[in-house]
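Report on one structure; see the data block that follows.
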Amino acid sequence: GWQVSMKSGSLSYILPCSRLPMQLISQVRVYTSNGQKKDLGSEDTNGSARGETLHKVETGQDTANAGQKSSSPKQPIQVKVKAVLKKREYGPKYTQNNFITGVRAINEFCLKSSDLDQLRKIKRRSPHDDTETFTVYLRSDVEAKSLEVWGSPEALARERKRRKEAEIKYRENLFRNQRLLWEYKEFFGNTKPRSSTAAMFFKGPGKVVMVAICINGLNFFFKLLAWVYTGSASMFSEAIHSLADTCNQALLALGISQSARTPDPSHPYGFTNMRYIASLISGVGIFMMGAGLSWYHGIIGLLHPHPVESLLWAYCILAGSLVSEGATLLVAINEIRRSARAKGLSFYQYVVQSRDPSTNVVLLEDAAAVLSVAVAATCMGLTSLTGNPYYDSVGSLGVGTLLGTVSAFLIYTNTEALLGRSIEPEQLQRLTELLESDPVVRAIHDVKATDMGMSKVRFKAEVDFDGRVVTRSYLEKQDIEQLLQEIQQVKTLEELEAFMLKHGENIIDTLGAEVDRLEKDLKQRNPDVRHVDLEIL
């Protein structure tokens, strides 16, 4: 059943239908279907030899050199074989030797803490700063213990399902439970001791905000009475300004209290940005309520002017407002100076960078209040002297413009803070130099340091560690003579694998310890660094 046979130079191509060809470069031997070797004679180009016996084909050069090849002795072929460990397939049996923490063992395998007392305990390096080691268990031991407690995998699966349904039911009833707790507190009163959140309003930014709320509330009440008595557009703008300040500072107090909440699984980095969010909303409120109503009332006064009544009481109330607003302004200035001095910044840098958004809002609102009182008093005085009510309306427009400028500044600075801006280049350079000067670090890449607000910085970098230095650090803690004896006892590939796995795992632990040391050094160099993420290249 040979279909076609072609010859080209010293190569022969045989395409069989049910037989495989044997191809050689200088010599081709083909065999018949019954295994007999024959020579291959001349072939017709039109394929006349189909179905006949195939012959042996040899070139003239091979025939001439046949005697020389048969007389020369054959040289042995030396092949160097490299010993390579067989690739291991990591299946469930291997993962049983993995470590598992006690919390995971209790949650995933439905065990009690007393069930773990009988298991083998292994001490591992702790990733936390406050503890050096923590206890883990072998997963195989935990699985065997769970089967001993529950009897069978089916019973364990049923218990897991039951606990999952109970957790879902608890989450569904969580809102209802919180509502009942709130109603209980309202009915019986809150007998809990004063929390640290309440203590925040007796010092620092909280104290500044509470003082501003009290003063601006009184100012709004008296200014509102003066506007009702006089009908002055400027006095109406001042009353609206004080109301806006009071509402915004109440919002700041809410932001301060929320920022003191402890981190939870949904918000692992805490709630410190609540101060910036409250300040941002405050800036929007100043623009909409303060500036908007002042512009509206000023435009209405220009379009429909009306005579202004006696302004004597208005002047007295403005004078009292100037004193009270000035006192609040001094409190805010002193607080910012103290905080800026502690951070090593100037007063202007501290305000522009919005390091303390709550105090910044009080400072700018009170500064705008003092200036707006001066503008309102000037315009009202011109109206009294000339009898022209347009000056009073122009004063309302001036107060609205001043409030709009303050609100735009607050919106810009707080938006920049919420977007996650970088820290100062000098601080970033010091942190970078600390890493680069460490012997264990070969190079660092993609360095980022984000200001999370309220003196909290998150530092991230990709670090190329020097494996030789890490290994040498591990060897310095070992008994070299004992290590040499272990090496000399290695005779087989299995013993070599066990030796390398043992010390390889220890070297990885040493690398983790070096990462912890670098993170601790970064936090000591810059106390504002709270979160450090070092990625190993």
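The values are calculated or read from the model by the stated rules, or taken from the named source; none is laboratory data. A quick note: this is a predicted structure, and the numbers were derived from the prediction, not measured. Neighbour counts run over all protein chains shown; Cβ positions are idealised from the backbone, glycine included. When the accessible area is computed, the model is the full protein with side chains, heavy atoms only, and any ligands, DNA or RNA have been set aside. Shrake-Rupley method; radii C 1.70, N 1.55, O 1.52, S 1.80 Å.
Ignoring ligands, DNA and RNA, please state the percent of accessible area on the range 425-536 from carbon and sulfur, probe 1.4 Å.
Result for the range 425-536: 52 percent of the exposed heavy-atom area is carbon or sulfur.
Magnitude of the charge dipole for the range 425-536, about its Cα centre and with charges confined to Cβ atoms of Lys, Arg (+1) and Asp, Glu (-1), is about 460 debye. From the residues 380, 259, 401, which one has its Cα farthest along the dipole of the range 197-419 in the positive direction, the dipole being from +1 and -1 charges on Cβ of Lys/Arg and Asp/Glu about the Cα centre? Positive-end residue among those listed: 259.
With 24 Å as the limit, the listed pairs 477/520; 112/502; 460/523; 343/448; 203/523 have 112/502; 203/523 beyond it between alpha carbons. Surface analysis of the range 364-444 yields an accessible area of 45 Å² per residue, using protein heavy atoms and a 1.4 Å probe. Using C-alpha pairs under 8 Å with a sequence gap of at least 6, the mean separation divided by the residue count of the range 425-536 gives a relative contact order of 34 percent. The label point for residue 107 and the one for residue 313, both projected 7 Å from the Cα toward the Cβ, are 6.5 nm apart. Ordered by 1.4 Å accessible area with all protein chains kept, 168, 423 run largest first as 168, 423.
On full extension of the chain, what length is gained from residue 530 through residue 158, given 0.36 nm per residue of separation minus the C-alpha to C-alpha distance? Write down the numbers at each step before the final one.
Numbers: separation 372, 0.36 × 372 = 133.92 nm, distance 4.25 nm.
Here the answer is 129.7 nm.
Packing order of peptides 379-385, 403-409, highest average first: 403-409, 379-385 (average count of other Cβ atoms within 10 Å over each peptide's residues). Here the extension length gained between residue 288 and residue 500 equals 69.4 nm, from 0.36 nm per residue of separation less the Cα-Cα distance.
For the range 325-394, carbon and sulfur atoms together expose 65% of the accessible surface, with a 1.4 angstrom probe and every protein chain in place.
Whole number in Å², please: accessible area per residue of the range 204-272, 1.4 Å probe, ligands, DNA and RNA not counted.
41
Report the charge-dipole magnitude of the range 197-419 in Debye, nearest 20, computed about the Cα centre from +1 at each Lys and Arg Cβ and -1 at each Asp and Glu Cβ.
So the magnitude is around 680 debye.
In this rough spin-label picture, where each label sits 7 Å from Cα along the Cβ direction, the residue 98-residue 492 distance is 2.9 nm.
If R₀ is 35 angstrom, what is the calculated FRET efficiency for the pair residue 302 and residue 214, using the beta carbon separation as r and rounding to 0.05? Write down the numbers at each step before the final one.
Numbers: r = 35 Å, r/R0 = 1.00.
Calculated value: 0.50.
A simple spin-label model places the labels of residue 173 and residue 437 6.0 nm from each other, with each point 7 Å out along Cα-to-Cβ. Rounded to the nearest 0.05, the FRET efficiency derived from the C-beta distance between residue 430 and residue 408 at R0 = 30 Å is 0.30. The value of relative contact order for the range 197-419, using C-alpha pairs under 8 Å at least six residues apart, is 30 percent.
Which length gain, in nm to one decimal place, applies between residue 415 and residue 148 when the Cα-Cα distance is subtracted from 0.36 nm times their residue separation?
Working: separation 267, 0.36 × 267 = 96.12 nm, distance 5.76 nm.
Contour length minus Cα-Cα distance gives 90.4 nm.
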